[in-house]
Amino acid sequence: MNRFIVVGHKAVTSGDFKLDDMAGGAGRLDILLRCINSALFLSHGIRRDVEIFLILQGEPDPPRTIRINGSEVRYLNPDERSTGALVRNALVKKLDGDEVRSSPGIYISRRSFKQVIDELASISRLVYLKEDGQDVRQQELEGDLTFIVSDHQDLREDEEAELLAHSPLTVTLGPHSYHADHCITIMLNELDRRRWNEP
């Protein structure tokens, strides 16, 4: 299983945003929607071995974590508007402490960034995608992997400290700064190519 954790520092945590204003009124939720598409969509299908966690930290009631499981998800289309509608539907769900299923393969909870990485660190190798990391092409990447990427802002100092406490592998994808959704595409392509060349 490959997993991606995407932190949305301003992404709204209520479902009252407009689908035609996801870049502004929804706290740059558009970035997270593009990350969903990059993580899950192939040309004619969905990656069933990928899961993505969106950590929403904006107003009015953070945090909210939306988890989308590629092996279960249904009704997901490549356009941002329909994906935004699925996220909005999840955000209107009443939460009582446990993770709640919003639609097939889409779940929402009140888990924080720290809670998510603490949980996943026990079952997966954490990989921090950061500009000043080690060249990804010189690293061994096998088994169950969880990649952490931030939105248009870097992880806050406290978030980075929480992540570094788990001693993640810190890698860079190339010589430039890339958009979060592009990082996911590049990373999955790297993994695809390695598996493609396996005997």
Of all residues making up the range 94-115, the number that are buried (at least 19 other Cβ atoms within 10 Å of the Cβ) and either in contact with a Gly (Cβ under 9 Å, 6 or more places away or on another chain) or of a type in the set (S, T, N, Q) (or both): 3
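Condition check ((1) hydroxyl-bearing (Ser, Thr, Tyr); (2) over 24 Å from Ile46 (Cα atoms); (3) modelled with pLDDT under 95) across all residues:
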{"residue": "Ile66", "(1), (2), (3)": "no, no, no"}
{"residue": "Arg101", "(1), (2), (3)": "no, no, no"}
{"residue": "Gly105", "(1), (2), (3)": "no, no, no"}
{"residue": "Arg111", "(1), (2), (3)": "no, yes, no"}
{"residue": "Glu142", "(1), (2), (3)": "no, no, yes"}
{"residue": "Thr146", "(1), (2), (3)": "yes, no, no"}
{"residue": "His152", "(1), (2), (3)": "no, yes, yes"}
{"residue": "Glu162", "(1), (2), (3)": "no, yes, no"}
Residue that is surrounded by the fewest Cβ atoms within 10 Å (Cβ to Cβ) [pool: residues in the range 167-184 that are part of a loop (DSSP other than H, G, I, E, B) and under 17 Å from the mean Cα position of the chain (by Cα)]: His179
Count of residues meeting criterion [within 14 Å of the chain's Cα centre (by Cα) and of a type in the set (D, E, K, R)] in the range 50-70: 3
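Let's see how each residue does on (1) aromatic (Phe, Trp, Tyr); (2) surrounded by fewer than 23 Cβ atoms within 10 Å (Cβ to Cβ); (3) over 28 Å from Asn189 (Cα atoms):
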{"position": "Ala11", "(1), (2), (3)": "no, no, no"}
{"position": "Gly15", "(1), (2), (3)": "no, yes, yes"}
{"position": "Lys18", "(1), (2), (3)": "no, yes, yes"}
{"position": "Met22", "(1), (2), (3)": "no, no, no"}
{"position": "Gly25", "(1), (2), (3)": "no, yes, yes"}
{"position": "Arg48", "(1), (2), (3)": "no, yes, no"}
{"position": "Ile55", "(1), (2), (3)": "no, no, no"}
{"position": "Pro62", "(1), (2), (3)": "no, yes, yes"}
{"position": "Pro78", "(1), (2), (3)": "no, yes, no"}
Yes/no for Leu91 being surrounded by 13 or more Cβ atoms within 10 Å (Cβ to Cβ), under 19 Å from Val50 (Cα atoms) and modelled with pLDDT of 95 or more: no
Residue list for the range 133-152, filter: within 24 Å of Thr65 (Cβ to Cβ) and more than 14 Å from the chain's Cα centre (by Cα): Gly143, Asp144
Selection count, the range 12-60, where residues are part of a helix (DSSP H, G or I) and of a type in the set (D, E, K, R): 2
Per-region count, the range 135-159, residues within 21 Å of Glu51 (Cα to Cα) and either touching a Gly at 6+ places or on another chain (Cβ under 7 Å) or assigned to a strand (DSSP E or B) (or both): 7
Count of the range 154-194 residues which are among the hydroxyl-bearing types (Ser, Thr, Tyr), in contact (Cβ under 8 Å) with a residue 40 or more places away in the chain and in contact with a helix residue (DSSP H, G or I) (Cβ under 8 Å, 6 or more places away or on another chain): 2
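The values are calculated or read from the model by the stated rules, or taken from the named source; none is laboratory data. All of these numbers come straight from a predicted model, not from anything done at the bench. Backbone-built Cβ (ideal geometry, glycine too); neighbour counts: all protein chains shown.
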